[in-house]
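Undergrad: So that we are looking at the same thing, I have put the structure below in structure tokens.
Read the figures in this text as sums done on the coordinates, not as results from a lab. These figures come from a predicted structure and were not determined experimentally. Quick reminder, even Gly has a Cβ in these numbers, built from the backbone with ideal geometry, and neighbours come from all protein chains shown.
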Amino acid sequence: PVLLSVRADWYARHGDMQAALADFTRAIELAPNDSALYEARAEFHFKMGNYDQAIADFSEAIQRDSSIAWIWQNRAKTYLQLKDYDRAITDLDEAIQLGGKDHRAYLLRAEAQAALGQYDDALKDCEMALSLRPEDPQAALIHAQVLVMAGRSGEYRQACQAMLDRFGQSTKRGDFCAAARACVLAPDAVADPNVPLELARRGASENPPQWILYVLGMASFRAGKLEDAARSFHDSLEKDPEWPGIALNWLGLAMVEQARGETEAARQWLTKATTAMEERSASAVQARLEFALLRREIERSLEDSAEPKKENMDTNE
């Protein structure tokens, strides 16, 4: 069974998914009580987007050995893909109780709590994750995102400055671009919007991944450079059409069009973005949170722009 599992993993890495699944299944037939084999096949299904099958195999693994924290955590991650937040929280409670030193479990639970509007609990989990792994820019970014969703603007601005201080001078592109990303989640996050813009430009200077091009678009938008923002969003779309967070670019284009006064175009991009986010699975925690808070911002802007028209209609009547 072990050799079959190893070969299955090799097949999966080289794209032969049918052969991989056949070997995983054969290994389980030979050792039906081995929880590790069910967990391995569950991870395979997760990577393939077969979330229901992944849940079934994680459950089989837990039934055979319920003492392994990361299996509970991985099943919770799968529930998050299915947007079953309550079950995700239940599994993460168990994972944290079994092995509470993995900061990723707290971040995952924070996502589920934030999705349910439980912002105080989500912030506590973000803070715990940061205490366990203060050098992780993603933990700091998610903390900033939840602060925006919770409407804690003062604390959010403090978090942005803390990220700039901690990661802005880093030589790691992922670090300083995460700081830039935190600073463009809401207007007026920093006194000088050119600071995150320069970080994003530095990150995009050489063969940037699609998420950094998206950050450059948002940083340009916050700095009032609408043409540059639109160009960066389109560049990100072209860079990797399969990026799970691709809907963020369409959302950015909606914000650009609204800023230009093109309300109808903004609504069209917003509809496209919302449809895409519903159809795709955004595996990254920050992509889902970020989409929710930026969509709220553009929807409020669209509502505000409609108010004068309503007043004019009332006056004409």
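Undergrad: Using 0.36 nm per residue of separation minus the Cα-Cα distance, give me the extension gain between residue 207 and residue 9 in nm, one decimal.
TA: Working: separation 198, 0.36 × 198 = 71.28 nm, distance 3.00 nm.
Going from the current span to full extension adds 68.3 nm.
Undergrad: Between helix 2-13 and the chain, what is the angle of the helix's C-alpha long axis to the longest principal axis, kept within 0 to 90° and rounded to the nearest 10?
TA: Helix 2-13 and the main axis of the chain meet at about 30 degrees.
Undergrad: Can I ask one more? Label segment 208-282 by shape, choosing from rounded, prolate and oblate, from the square roots a ≥ b ≥ c of the eigenvalues of the Cα gyration tensor; if a/c is under 1.5 it is rounded, and otherwise prolate applies when a/b is larger than b/c, oblate when it is not. Walk me through the intermediate numbers first.
TA: On the way: a/c = 2.37, a/b = 1.14, b/c = 2.08.
Here segment 208-282 falls in the oblate category.
Undergrad: I've got another one for you. As a test of the formula, what do you get for the chain when each DSSP H run with n ≥ 4 contributes -39,500 (n - 2.57) and the sum is divided by the residue count, at 222 nm and rounded to the nearest 500 deg cm²/dmol?
TA: On the way: 17 runs with 246 residues, N = 317.
When only DSSP H runs of four or more count, the value is -25000 deg cm²/dmol.
Undergrad: In debye, nearest 20: dipole of the chain around its Cα centre with unit charges on the Cβ of K, R (+) and D, E (-)? Could you put the intermediate results ahead of the total?
TA: Values: 37 positive and 51 negative charges, 131 e Å.
My answer is approximately 640 debye.
Undergrad: Taking the Cβ-Cβ separation of residue 305 and residue 48 as r and a Förster radius of 35 Å, what is the calculated FRET efficiency to the nearest 0.05? Mind dumping the intermediate values first?
TA: On the way: r = 43 Å, r/R0 = 1.22.
After rounding to 0.05, the efficiency reads 0.25.
Undergrad: For residue 171 and residue 29, what is the calculated FRET efficiency with R₀ set at 35 Å and r taken between the beta-carbons, to the nearest 0.05?
TA: Details: r = 50 Å, r/R0 = 1.43.
Once rounded, the FRET efficiency stands at 0.10.
Undergrad: Follow-up. Of all GluC sites (Glu not before Pro) in segment 5-46, which ones are in loop regions per DSSP and have a Cβ with at most 11 other Cβ atoms within 10 Å? The partial results should precede the final answer.
TA: Working: sites: 29, 39, 43; in loops: none.
Of the GluC sites (Glu not before Pro), not one in the loops of segment 5-46 has a Cβ with at most 11 other Cβ atoms within 10 Å.
Undergrad: Take the residue pairs 47/77; 83/239; 47/83; 124/172 and return only those whose Cα atoms are more than 20 Å apart. Walk me through the intermediate numbers first.
TA: Details: 47/77 12 Å; 83/239 27 Å; 47/83 17 Å; 124/172 28 Å.
Flagged as over cut-off: 83/239; 124/172.
Undergrad: Based on the mean of other beta carbon atoms within 10 Å per residue, what is the order of 208-221, 144-157, most packed first? Kindly include the intermediate steps, with their values, before the conclusion.
TA: Details: 208-221: 25.6, 144-157: 19.9.
Put in order of decreasing packing, that is 208-221, 144-157.
Undergrad: Calculated from the structure, P(r) over Cα pairs in 10 Å bins from 0, in percent equals which of [x] 6, 23, 29, 23, 13, 4, 1, 0; [y] 5, 24, 33, 24, 11, 3, 0; [z] 6, 27, 37, 24, 6, 0?
TA: From the options [x] 6, 23, 29, 23, 13, 4, 1, 0; [y] 5, 24, 33, 24, 11, 3, 0; [z] 6, 27, 37, 24, 6, 0, the structure gives [x].
Undergrad: Specify which residue in the list 50, 8, 169 is farthest towards the positive end of the charge dipole of the chain, using unit charges on the beta carbon of Lys, Arg (+1) and Asp, Glu (-1), about the Cα centre.
TA: The one lying farthest along the dipole's positive direction is 169.
Undergrad: Give me the angle, in degrees from 0 to 90, between the Cα long axis of helix 285-316 and the longest principal axis of the Cα atoms of the chain, rounded to the nearest 10.
TA: 30
Undergrad: Would you please classify the overall shape of segment 3-67 from the alpha carbon gyration tensor, given that a ≥ b ≥ c denote the square roots of the eigenvalues, rounded means a/c under 1.5, and beyond that prolate means a/b larger than b/c while oblate covers the rest?
TA: Because a/c hits 1.5 or more and a/b fails to exceed b/c, segment 3-67 counts as oblate.
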